[in-house]
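K.L.:
After the structure tokens below, expect a handful of questions from me.
Each value in this text was obtained by applying a stated rule to the coordinates, not by laboratory testing. As the structure is a prediction and not an experimental result, all values here were calculated from the model. With ideal geometry, Cβ positions are generated from the backbone for all residues, glycine too; neighbour counts draw on all protein chains shown.
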Amino acid sequence: MSRRTQEDLNALHEGREIYYDAVGQEALRRSGKSPQLKGIVHEVLFRDQQNCAANGLLSGNVTQLTKRPTARGVDLVTVDKNGHVAGRYQLKDCTSVSGIGKTLSQVRRGKYHSAKMLGTEETTRAFDAARKVGDKTMRSTGISSNRTGRIADNVGAQSRDAGTTWNNFKDIQSCAASNAAFSAAASCLSSAVSNYDRYKKGELSAGEYAAEVASDSATSAVRSAATTAAALTLKEGGKALGRSVGSESLKRLAGSNAATAAAFAVAEIGMDAVDLARGKISGGEFAKNAMGSAGGAAGGLGGAAGGAALGTMICPVVGTAIGGAIGGVVGGIGGRSILKSIGSLVFD
């Protein structure tokens, strides 16, 4: 597996977290630091999920949040290309016994009769366990309450409790695992292609070819998981420091996309420091890679801002968050490439 492939994968993982940062900011603008902030995060994530799905793109349907976050009975609507309402949705993100009981009471009074009920993975499981025959059903959005809670906590939600930090780390573990799986698949394909000529020329036996591909895939998975876990743990540490010193501005900074870019850069540099200590890379390579990581952070941050602005102009419904994520990835790759080129002139 090439260094470049792993760096591009890290940029994708960073872009995903930048997207979550943008979702949190949109939810904050919509509802403020209310106890329901994680519920608004859930709604924004579901909206983007629907609008980016293949059936949504092909049909021309657009899913939108209702104009008021306090609208009764309906949180989102899907409008078809002719302007007709094609779907109404009520989303739930509450896992406590009291919260599920309140939802069931509202359902039995017919409050949500005109909308499809959707919940986070955890909410849906709890609701299904409590509902009786004849009660309205709830379908899962496939989004975790740990994810919505961490995103809300990043932007300063006021509903923080004793379990928030633990749930945040469970979501970090989930992010690391999914990034590892994606990197393993991507690296498997990349390695299979790059090593195929060596196999065809007889430089590698079939077993050696398979072993090379498997090794590259496993290495990429481990590095992606470690980088993601380290970067997101650094963000959690920054938020914890802000809480301990009572600094609201530090907490907000630690949960921002600036912190995301910096945390991924520090995590990458840390991984390279381990390789340097083990003698796998030289001091010059370490310095060059560190410059690349710094350039990726700066480029990712600038690209996220530019992408968000451009995305908002092109598609105001979902463009801000998604444009920011794409801009972050492109800017990160570009910034890394520029500074690594400069580093090569100095250290090679």
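K.L.:
Could you tally the net charge around Glu14, taking each other residue with its Cβ under 11 Å from the Cβ of Glu14, Lys/Arg +1 and Asp/Glu -1?
P.N.:
For residues surrounding Glu14, the net value is -3.
K.L.:
Continuing with the same structure: Per-residue ellipticity at 222 nm for the chain, helices alone: DSSP H runs ≥ 4 residues times -39500 (n - 2.57), over residue total, nearest 500 deg cm²/dmol?
P.N.:
Value at 222 nm, helices only, nearest 500: -24500 deg cm²/dmol.
K.L.:
Take Lys201, project a point 7 Å from its Cα along the Cβ direction, then tell me which residues of the stretch 1-16 have their backbone nitrogen under 17 Å from it.
P.N.:
In the stretch 1-16, the label zone of Lys201 (backbone N under 17 Å from the point 7 Å along Cα→Cβ) covers 1.
K.L.:
Do you know the relative contact order of the chain, to the nearest whole percent, from alpha carbon pairs under 8 angstrom that are 6+ apart?
P.N.:
Relative CO of the chain lands at 18 percent.
K.L.:
Could I ask something else about it? Please report, in debye to the nearest 20, how large the charge dipole of the stretch 186-231 is about its Cα centre when each Lys and Arg carries +1 at its beta carbon and each Asp and Glu carries -1 there.
P.N.:
That gives a dipole near 60 debye.
K.L.:
In which sequence would Ser144, Ser105 go, from the one with the fewest C-beta neighbours within 10 Å to the one with the most?
P.N.:
Ascending Cβ contact count within 10 Å gives the list Ser105, Ser144.
K.L.:
Ratio of the stretch 34-154's C-alpha Rg to 2.2 N^0.38 Å, to two decimals?
P.N.:
1.05
K.L.:
What is the sum of charges around Val44, taking Lys and Arg as +1, Asp and Glu as -1, for the other residues whose C-beta is under 9 Å from the C-beta of Val44?
P.N.:
Neighbour charge sum, excluding Val44 itself: -1.
K.L.:
Please compute the net charge surrounding Ser31, taking Lys and Arg as +1 and Asp and Glu as -1 over other residues with Cβ under 12 Å from its Cβ.
P.N.:
After counting each charged neighbour, the total is +2.
K.L.:
Right, next: Between Asp171, Asp21, Asp80, find the one with the highest GNM mean-square fluctuation for the chain; connect C-alpha pairs within less than 10 Å.
P.N.:
Comparing Asp171, Asp21, Asp80 in the GNM, the peak value goes to Asp80.
K.L.:
Pairing the Cα long axis of helix 206-245 with the longest principal axis of the chain, what angle in degrees results, from 0 to 90 and rounded to the nearest 10?
P.N.:
So the helix axis and the longest Cα principal axis differ by about 60 degrees.
K.L.:
How many nm is it between the label spots at Lys280 and Ser215, if each spot is 7 Å from the Cα in line with the beta carbon?
P.N.:
With each label placed 7 Å out from Cα toward Cβ, I get 1.2 nm.
K.L.:
Just rank Lys340, Lys280, fewest to most, by other beta-carbon atoms within 10 angstrom.
P.N.:
So the residues, fewest neighbours to most, are Lys280, Lys340.
K.L.:
Rule-of-thumb check for the stretch 127-247: C-alpha Rg over 2.2 N^0.38 Å?
P.N.:
1.58
K.L.:
Given the convex hull over the Cα atoms of the chain, what projected area results after averaging over all orientations, in nm²?
P.N.:
Mean orientational projected area (the chain, Cα hull): 21.7 nm².
K.L.:
How would Cys175, Cys188, Cys52 line up from fewest to most surrounding beta-carbon atoms within 10 angstrom?
P.N.:
Cys52, Cys188, Cys175
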